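Reading through the structure tokens given below for one structure.
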Amino acid sequence: MPQVFRNSLLSLRDMIVSAGPLALLPVLLLALAYWWLQPTPPKTVVLATGPAQSAYEAFGKRYQQALAAEGIAVHLLPSEGSLANLQLLREGRADLAFVQGGTAVLQPEDHEQLRSLGSLFVEPLWLFYREKAARRVAPSGRLDALPQLQGLHVNVGTEGSGVPTLMDKLLDANHLDAKALQLSRLEQTPATVAFLAGDIDVLVFASAPESPMVQMLLQTPGVRLMDFAQHEAYGRRFPFLTPVTLPRGVVDLAGNVPAADVRLVASTTALLAREGTHPALLQLFAQSAQGLHGGAGWFNRAREFPSTRHNELTIAPEADRAINEPVPLLQRYLPFWLA
């Protein structure tokens, strides 16, 4: 072997030995950054929903299906409702959850540990009553004010639903002592069974109109929905409530259900996430919300939701971009984990 070639090989070997560790250092740093920053999201996420047959459960299944298309498994965690969902977030047992405005008192730490992905839909307070029972307090069999509930058996749901807290505020505004009502706190499904059997006079719960329970009760003979004649006043007295109207015939045009406009009060439900939830997941949920909640509904026009307005908690930047800005170019053609 020529001496010159031999010397060249020796020089190359020495260079590799001396420079090799330096060349590996950037690779190691990149690997460390990849592990530390977690650029790819986890493949599973926990979403707290609500009781069986509720709108929260129905929407949870839709998010589950939407994110499955992106390779994300959404584990649905049933609960009593809004207030229970907030507690699940606080305890770290859920990553995201549906929470209704006005059903809980937010703690200072909530503003640090939780973020909103925007308000998703209007959730009216549904007060269904049996017309036969209503005749005991109103000869017409029609109820349009909370003081008329005195003497009736009223189910306001479990504490975890948040409805008892909301009803306490409304009763107090009407100078009504809860003791003047025969209150029960059954879960929604057994309460509905008891209501239809005649054991309960009034059924109160908050839900989006997509709830199968709402759809069924609106078309049940002998069952009426209370018309909140003072719904505008409630909206002025309580910042978390909005006066809404269920239009005549919107449930069933052919059957003219309801037969007249019904005035209601409603709050908006937001999708909340724990601080530290992977940004890509927040963006994916917010983008999915566009398709799931962007259409017209009984109480809103198309593209009113999801919305970054009227939120009690700080909007996550990922949600703000997803809701208020166009979809990034790469995400239109590539899977989100590549874009």
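The values are calculated or read from the model by the stated rules, or taken from the named source; none is laboratory data. All of these numbers come straight from a predicted model, not from anything done at the bench. Reconstructed Cβ throughout: ideal geometry from the backbone, glycine too, with neighbour counts over all protein chains shown.
How many residues, within region 77-87, are surrounded by fewer than 23 Cβ atoms within 10 Å (Cβ to Cβ) and in contact with a strand residue (DSSP E or B) (Cβ under 6 Å, 6 or more places away or on another chain)? Residues flagged as surrounded by fewer than 23 Cβ atoms within 10 Å (Cβ to Cβ) and in contact with a strand residue (DSSP E or B) (Cβ under 6 Å, 6 or more places away or on another chain) within region 77-87 amount to 1. The conditions of being loosely packed, with under 15 Cβ neighbours inside 10 Å, in a loop (DSSP other than H, G, I, E, B) and either among the hydroxyl-bearing types (Ser, Thr, Tyr) or free of Cβ contacts under 8 Å to residues at least 60 places away in the same chain (or both) are not met by residue 168.
Return a yes/no flag: does region 265-288 have any residue that is out of contact with any strand residue (DSSP E or B) (no Cβ under 9 Å at 6 or more places or on another chain) and within 20 Å of residue 55 (Cα to Cα). Checked against the condition, which is being out of contact with any strand residue (DSSP E or B) (no Cβ under 9 Å at 6 or more places or on another chain) and within 20 Å of residue 55 (Cα to Cα), region 265-288 yields at least one hit.
Starting from residues that are of a type in the set (Asp, Glu) and part of a loop (DSSP other than H, G, I, E, B), keep the ones in region 233-282 and report whichever is farthest from residue 300 (Cα to Cα).
Of region 233-282, the ones of a type in the set (Asp, Glu) are 252, 261, 275.
When the remaining residues are screened for being part of a loop (DSSP other than H, G, I, E, B), the result is 261, 275.
Values: 261: 15, 275: 30 Å.
Ranking the qualifying residues of region 233-282, first place goes to 275.
Could you list, in sequence order, the residues of region 181-200 that are part of a helix (DSSP H, G or I), more than 25 Å from the chain's Cα centre (by Cα) and surrounded by 13 or more Cβ atoms within 10 Å (Cβ to Cβ)? 194, 195, 196, listed by residue number. Do you know which residues across region 77-119 are charged (D, E, K, R) and closer than 20 Å to residue 187 by Cβ? Selection gives 80, 93.
Would it be correct to say that residue 203 is in contact (Cβ under 8 Å) with a residue 24 or more places away in the chain, part of a strand (DSSP E or B) and either within 23 Å of the chain's Cα centre (by Cα) or farther than 23 Å from residue 122 by Cα (or both)?
yes
Here 226, 213 are screened, and the one residue that is of a type outside the set (Ser, Thr, Tyr) and under 19 Å from residue 82 (Cα atoms) is 213. Scoring residue 105 on the criteria (1) at pLDDT 95 or above; (2) surrounded by fewer than 20 Cβ atoms within 10 Å (Cβ to Cβ) leaves a single failure, condition (1).
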